[in-house]
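Everything on this sheet refers to the single structure shown next.
The values are calculated or read from the model by the stated rules, or taken from the named source; none is laboratory data. From a predicted model like this one, the values you see are computed outputs, not experimental measurements. No Cβ is skipped: glycine too gets one built from the backbone with ideal geometry, and neighbour counts run over all protein chains shown. Ligands, DNA and RNA are stripped out before the accessible areas are found, and what is left, the full protein with its side chains, is counted by its heavy atoms. Shrake-Rupley method; radii C 1.70, N 1.55, O 1.52, S 1.80 Å.
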Amino acid sequence: MDNSFGDSTNDGRDQLFLTTGFYRRTQCGLQFGAAWDYLYESWDLDFDVGQIRGQLSWITPWCHEVGFLVSTDTTNDSVADLEGTSRTIETTDYYSFFYKYSASCGGFGRIFAGWTQDSNGLIGVDMELPVMHHWGVLSEFSYLVPDDGSTSQGSQREAWNVGVSIVWYPGGNALSLIHISEHTRRTPIAYAVW
């Protein structure tokens, strides 16, 4: 998404972000899940976007998992920037394969690679590491490799995200496999990064 809309305002920012979904999780075998995300933003511009994300994977008894991730936009918006130019705000459709390992002491690591609807490349990694019984650290990195290569147009179209979050487990099970049981959500929470 191109966020070069000019100078910011001093107005307050309103934002609403919703996620809902369903999943089927097992200790071994076929797993799947889907989620719908919605974002309403009111700051310099007023817009709303939505997307559907899905995951299909196979998990072994030894905590290795391979699968496929997909995301497609459901809602996009056209807005005029501060200079009056009309722009479309939309999520990026992507398709990627992944490998994930869940550690027996809690936490996981996942790498993924794929492509977007515009033939751009997509690579990334995310991991969660338990720190104490109630606390963990979740980190994420993703990079959209533009199909324009190292040209000036490619440099303008590249996108990346780095995130580090502190996770709290109310039941105190960050250091065990309990939190990756069949009752744990299947698709991770989407990041609203602007």
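For the subset of the stretch 130-146 comprising residues that are within 16 Å of the chain's Cα centre (by Cα) and crowded, with 19+ Cβ neighbours inside 10 Å, which member is farthest from Ile111 (Cα to Cα)?
Out of the qualifying residues, it is Leu144.
Which of the residues belonging to the stretch 31-65 are open to solvent by 80 Å² or more (accessible area, probe 1.4 Å), assigned to a strand (DSSP E or B) and over 30 Å from Thr85 (Cα atoms)?
If the condition is that a residue be open to solvent by 80 Å² or more (accessible area, probe 1.4 Å), assigned to a strand (DSSP E or B) and over 30 Å from Thr85 (Cα atoms), then Leu56, Trp58 are the ones that fit.
Within the bounds of the stretch 39-51, is there any residue that is in contact with a helix residue (DSSP H, G or I) (Cβ under 7 Å, 6 or more places away or on another chain) and farther than 26 Å from Tyr143 by Cβ?
To start, the set of residues in the stretch 39-51 that are in contact with a helix residue (DSSP H, G or I) (Cβ under 7 Å, 6 or more places away or on another chain) comprises none.
For the stretch 39-51, residues in contact with a helix residue (DSSP H, G or I) (Cβ under 7 Å, 6 or more places away or on another chain) and farther than 26 Å from Tyr143 by Cβ: absent.
Scan the stretch 67-88 and tell me whether some residue there is within 18 Å of Glu140 (Cα to Cα), assigned to a strand (DSSP E or B), of a type in the set (Lys, Arg) and in contact (Cβ under 8 Å) with a residue 12 or more places away in the chain.
no
If you take the residues in the stretch 105-128 that are touching a Gly at 6+ places or on another chain (Cβ under 9 Å) and in a loop (DSSP other than H, G, I, E, B), which one is farthest from Tyr95 (Cα to Cα)?
Gly106
Have a look at Thr75, Thr85, Thr92 and point out the one that is more than 18 Å from the chain's Cα centre (by Cα), farther than 30 Å from Val131 by Cβ and either open to solvent by 80 Å² or more (accessible area, probe 1.4 Å) or of a type in the set (Ser, Thr, Tyr) (or both). Before the answer, list the steps.
On the way: Thr75 fails: more than 18 Å from the chain's Cα centre (by Cα); Thr92 fails: more than 18 Å from the chain's Cα centre (by Cα).
Result of the check over Thr75, Thr85, Thr92: Thr85.
Restricting to the stretch 95-120, and then to whatever is modelled with pLDDT under 95 and closer than 30 Å to Leu45 by Cβ, can you tell me which residue is surrounded by the fewest Cβ atoms within 10 Å (Cβ to Cβ)?
Among residues in the stretch 95-120 that are modelled with pLDDT under 95 and closer than 30 Å to Leu45 by Cβ, the one surrounded by the fewest Cβ atoms within 10 Å (Cβ to Cβ) is Ser119.
Before we move on, is Ile123 within 24 Å of Glu65 (Cβ to Cβ) and either loosely packed, with under 13 Cβ neighbours inside 10 Å or modelled with pLDDT of 90 or more (or both)? Please lay out each step first, then the result.
Working: within 24 Å of Glu65 (Cβ to Cβ): yes; either loosely packed, with under 13 Cβ neighbours inside 10 Å or modelled with pLDDT of 90 or more (or both): yes.
Judged against the criteria, Ile123 is a match.
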